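The values are calculated or read from the model by the stated rules, or taken from the named source; none is laboratory data. What you are looking at is a predicted structure, and each value in this text was computed from that prediction instead of being measured. Cβ placement follows ideal geometry from the backbone for every residue including glycine, while neighbour counts extend to all protein chains displayed. Ligands, DNA and RNA are stripped out before the accessible areas are found, and what is left, the full protein with its side chains, is counted by its heavy atoms. Shrake-Rupley method; radii C 1.70, N 1.55, O 1.52, S 1.80 Å.
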Amino acid sequence: MEQIVYRQQLEGVIMVEQVTREENYSMPYRHFHDTFELYYLTEGESYYFIDRETYLVKAGDMVLIKPDRVHKTSLAKLSRHSRILLQITEKAFAPFLNANGFPALDELYGRLGRIVSLREEDRERMKELMLCIGEEIRGRQKRYELMVKMKLLEILLLLSRYQGDGLPEEEGRTAQTPRYQKVQEVVDYLHANPGTGESLEELAGRFYISRSWLSRIFREVTGISVVEYTNILRVRKARKLLAFGEYSVTEISERLGFESITYFERVFKKYTDCTPLKYRKEQRKG
């Protein structure tokens, strides 16, 4: 069972949501968006798959997720689970950060890593700040937009104090069950070989498991199919090649293992809302 306590949004800047879940919950769909995310678990434990690894997240942990990262959460135990979520649009917030001498979100997230374990004395303050953002948006009092940004800046300042204190690459926090470890092996291979033309049958054989078992555990852990995950990785690589490389669109399609230029264009547009050629032109303006 899922109960959305509240959800508020300041269009184009931030969304805040508080959710409580009971018993065995698993996010029914994959998350993949262009915002920076702050996920604060206030109660319970959960497994959190991010891009290529699965972490055990505990109450008091803050999870930081950059844009375009596939992520999915599921309960680690049959128990109550409560979290607060912020989704931040960098373009709208960057000028405010810059004016206050604060690093860009991408830089801050890179310094902190994916999981920040808050000290006991900071946990309640973090919760108050996140909920206050929601209340400001809901109340819409005079200059509430500025108050929202100030509260968000305070959240980031609090997190910035944890630079260097985090778990190195979240050691000891990755899930150790056979299912999660097997999916970890598969996604590591896909990241190293985004242009692999292997079929699902061939990929399963590479890891000595059946096609049906691979399909099942991969979707359970990541929230998406092997094919969709592979396409996401290929589009990421294609964006870099289009922006900085000299290969033609046809050559990029072939290098990344797409069966045809038409299929490449269709997949690329699905995740970027534009064609490869249009993306290249936009990235190379000026």
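Could you pull out the chymotrypsin sites (Phe, Trp or Tyr not before Pro) across region 191-286 that fall in loop regions by DSSP (anything but H, G, I, E, B) with no more than 12 other Cβ atoms inside 10 Å?
Tyr208
In whole percent, what relative contact order does region 108-261 give with Cα contacts below 8 Å and a gap of six or more residues?
19 percent
Which lysines have a Cα lying under 23 Å from the Cα of Lys127, excluding residues fewer than 8 positions away in the same chain?
Leaving aside lysines fewer than 8 places away in the same chain, those within reach of Lys127 are Lys58, Lys66, Lys72, Lys77, Lys149, Lys151.
What percentage of the solvent-accessible surface of the chain, computed with a 1.4 Å probe over protein heavy atoms, is contributed by carbon and sulfur atoms?
The nonpolar share, carbon plus sulfur, comes to 47 percent.
Rounded to the nearest 0.05, what FRET efficiency do Asp34 and Ser210 give with R0 = 45 Å and r taken as the Cβ-Cβ distance? Could you check?
It comes to 0.80.
So which aspartates and glutamates can Lys182 reach, going by Cα to Cα under 13 Å and dropping same-chain residues fewer than 8 places off?
Within the straight-line cut-off, Lys182 pairs with Glu53, Glu220.
Calculate for the chain the 222 nm mean residue ellipticity that helices alone would give, adding -39,500 (n - 2.57) per DSSP H run of length 4 or more and normalising by residue count, nearest 500 deg cm²/dmol.
Estimated from H runs of four or more residues: -14500 deg cm²/dmol.
Indicate the gyration tensor shape class of the chain (rounded, prolate or oblate), computed on the Cα atoms with a ≥ b ≥ c the square roots of the eigenvalues: a/c under 1.5 is rounded; otherwise a/b larger than b/c is prolate and the rest oblate.
Verdict is oblate for the chain.
Per 0.36 nm of contour for each residue apart, how much would the distance between Leu200 and Arg140 grow if the chain were fully extended, relative to their Cα-Cα spacing?
My answer for the length gained is 16.5 nm.
Using a probe radius of 1.4 Å on heavy atoms only, what accessible surface per residue do you get for region 179-286? Whole Å² is fine.
For region 179-286, the solvent-accessible area averages 56 Å² per residue.
Taking the alpha-carbon distance from Lys270 and a cut-off under 16 Å, which aspartates and glutamates remain once sequence neighbours fewer than 8 residues away in the same chain are dropped?
Asp34, Asp68, Glu228
Normalising by the residue count of the chain, find the relative contact order in percent from Cα pairs under 8 Å and 6+ residues apart. Before the final figure, lay out the partial values.
Working: 442 pairs, mean separation 46.1, N = 286.
The normalised contact order for the chain reaches 16 percent.
Between Glu254 and Arg179, how many nm apart are label points set 7 Å from Cα along the C-beta direction?
It works out to 4.2 nm between the two label points.
Kindly provide the trypsin sites (Lys or Arg not before Pro) of region 32-92 that DSSP labels as loop, not H, G, I, E or B, and whose Cβ sees at most 14 other Cβ atoms within 10 Å.
Here the trypsin sites (Lys or Arg not before Pro) that fit, given the DSSP loop and packing criteria, are Lys77, Arg80.
Rounded, prolate or oblate: which fits region 147-261, taking a ≥ b ≥ c as square roots of the Cα gyration tensor eigenvalues, rounded meaning a/c under 1.5, else prolate when a/b beats b/c?
oblate
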